[in-house]
1. Read phi for every residue in region B:137-148 and hand back ³J(HN,Hα) as whole Hz from Karplus 6.51 cos²θ - 1.76 cosθ + 1.60, θ = phi - 60°, with x for Gly and Pro.
2. Within a Cβ distance under 13 Å of residue A:30, other residues only, what is the Lys/Arg minus Asp/Glu net charge?
3. Listed highest first by mean packing, meaning other Cβ atoms within 10 Å per residue, what order do A:197-209, A:68-80 come in?
4. HN-Hα J couplings of region A:35-47 from phi, Karplus 6.51/-1.76/1.60, θ = phi - 60°, integer Hz, Gly and Pro as x?
5. Ordered by packing density, taken as the mean number of other Cβ atoms within 10 Å over each peptide's residues, highest first, how do B:121-129, A:215-223 rank?
6. Which ³J(HN,Hα) values, rounded to whole Hz and listed in residue order, are derived for region B:116-123 from phi using the Karplus coefficients 6.51, -1.76 and 1.60 in 6.51 cos²θ - 1.76 cosθ + 1.60 with θ = phi - 60°, glycine and proline given as x?
7. What residues qualify as long-range amide H neighbours of residue A:298, i.e. H under 5 Å apart, gap of 5 or more or another chain, H built at 1.01 Å from N?
8. What are the residues whose amide H is under 5 Å from the amide H of residue A:235, where those residues sit 5 or more places off or on another chain and H is modelled from the backbone?
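Throughout, read-outs are computed from the coordinates displayed, never taken from laboratory work. All figures in this text were calculated on a predicted structure; none of them were measured in a lab. Cβ coordinates were reconstructed from backbone atoms using ideal geometry, including for glycine residues, and neighbour counts include every protein chain displayed.
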Amino acid sequence: MNVMEKEELHIEFNDQIVRYLSDEMTVSEKEQFEHLINVDSEKLAQFSAYKKIWDGVDHLAARSKYDMDGEWNMLADKIDFEPDERINTSGRSLRMIVLRVAAALVIGVLGVAGWYGGRQMLMYERVAVESGIKEIVLPDGTLLTLNSGSTIKYTKRESLSYRMIKLNGEAYFEVARDTTRPFIIDAGLARVEVLGTKFNVRAYPESKVVEVTVSSGLVAMASKRESDHQILLAKGNTGIYTREKKELNLIKSGNANAIAWKTRELVFTDTPIEEVIRVIAHTYNVDIVLVDPGLSEFTITVSFTNQELEAVLNVLESTLDLKIEKNGNQIRIDSE
Amino acid sequence: MTTEKELHIAGPIDKGSFELLFRKFFPALMAFAKKFLPDEDDAREVVHNVFINLWEKRESMDTSTSLKSYLFKSVHNRSLNVIRDRKKFSSEEVPDIASEIDVESQMDAMELEDRINKVIEGLPEKCREVFEMSRFEGLKYTEIAEKLNISLKTVENQMSKALKILREKLADYLVLVVWLLWNGLN
C-alpha cells in the first residue's frame, strides 16, 4: 500500500468515526465499524480521541440548553435590586405632571434592553402610560389595561416556560388561559402568580402597599423574599402586601372599587367620606382636598355607573350639603 | 491545572457584573449541583441560593479572589447540606457520592468545555453551521441537508472537517479529558 492510499483510507476512517458518533450508521455498518476498532488498536486509539472530544461537545450542548434569559429572570425575581433598575416613574412628580396633561398620551412603546445570553438575545418590550388609560394585548393574548403613570416590561419570547411581566403602577389583567405556562407578575416587592383570569394589581412605587383585587378566577400572591409563603385570592378578595412590614394580608370582601379607574363603576356602602374622596381622586385621576376636618365623620352610601366627574361631585354636593369648588387642578371640598 | 484565564471584576459587584457572573457560571454550576442532587429543581434552588447569598454579601466580598472557585465551593457545600438534611429524615440509604466528586476537576471540565466552545466559534462559517445543527440542535444529517439545501455528502464532509479541526486544536487537552473520563464524569 502506498502513502497516497494510506492517507485516503485514513480520511475515510475519520468520516466513519464521525458518522458512527452522530448515529448516522445502519445497524450492519455499526457492527462492522465496532468490529474494526476492536481488532485494530491503532484505529481504536484514533476513535477514542474523537470520542473524547465528542463527549466534551455533548457536555457543552447540555450546558447551552438553558434558556439564560428565563433563568436570569427567575433569579432576579428572588432578589430585591435597588430602584436603579426600576423604571423611572418617580411616583409623585409624575402624578403631578399627569394632572396638567389633559389628553391621554402614550409616551413610549419601545424595545429597550437587549441582553446577550450566550448564543441568544432577548428584547424587552416596554410600554409606559403617562396620562390616561391604555389597552395592550400581550403576545399570549392577555389583555391588559394600564392606568396613568404606569409602566410594564415584558418579553416577546414565547419559548419560556412561564409568562413574566414587570409592573410599575397599576393595571387590570385579563389573562389568556394557558395552564402550561403560568403568568407571573413582578410588582415591586410582591409577586403575583395567576391561576385564573381577571384581576387588578396596584403597585405604585410611592405607595406603602401593593394591592391585588380579583374579579374572577384564582390568583396566588407572594412576597418575593419569601416566595414559599403565599396567599390565594378568589373572586372579590383583595390581597395587600405591606412593603415596610413585609406582610401579606387577605381581605375577604376586598376593595369593591379596585377597578373603578377602568370601569368608572363606583360603589360606596357606609364608606367614610375620606375614603370616598380617595377613591374618586384615584378613579378620575384628580387631586381632591377635604378642607373641613369635621366632615370626616360622615359616611356615604351611593353608587355611580360610568358618570363624569362633574356628575359625581354634584351628587355628593347636594346630598351632603357640601361646598365643592375647583381651584386650578385641585378640587376642594368644604362644609356649606 | 492552572486556569487559562480568571474572571476578574474591578471593584465591588454591581447588578451588571452580577448578571454577567450568573450568565457565565449558571449552566456549569447546575451541571455540578446535579451530580449531588439529580432533581433539576433541587439543583436550581441550590445554585440560586448561592447567587442570592453572593448578592447579599457583595459589599464585603473580596473580588480579587477567585469568584469562580467561590461559586463552585459554595454549590458543593450547599448541596452537601441538602443531602445531609435529607438523610436525617430518610431511612433510605442515600448514596455517598459526595466524596467522589472534586470541585477542582469540575472547574477544569468547565474550562475544557469553554475551550471547545471557542474552537467551534472559530470554525469556518458553513462548517460551524452544520456542526451546531447536528450537535446543539440534535438534527439528523438528512434534516440538515434539507434545511441548508446541500447534499448529504456535504453534511458528512463538514462534520468530519469540524471534528478534525477540534481534534487538532485540542490535542493538548485530550490528556485531561482522559482523566475526566476516568473520574466518571461522562
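1. 9, x, 7, 6, 3, 4, 5, 5, 4, 5, 4, 8
2. Working: positive: A:19; negative: A:23, A:24, A:29, A:31, A:34.
After counting each charged neighbour, the total is -4.
3. Details: A:197-209: 20.5, A:68-80: 17.9.
The densest-packed peptide leads the list: A:197-209, A:68-80.
4. Calculated HN-Hα couplings, in order: 5, 4, 6, 7, 9, 10, 5, 5, 5, 5, 4, 4, 4 Hz.
5. Working: B:121-129: 13.8, A:215-223: 20.2.
Highest-to-lowest ranking by the protection proxy: A:215-223, B:121-129.
6. Karplus values, whole Hz, x for Gly and Pro: 4, 4, 5, 5, 4, 5, x, 5.
7. Result for residue A:298 returns A:273.
8. Sorted by chain and number, the residues that satisfy this are A:217.
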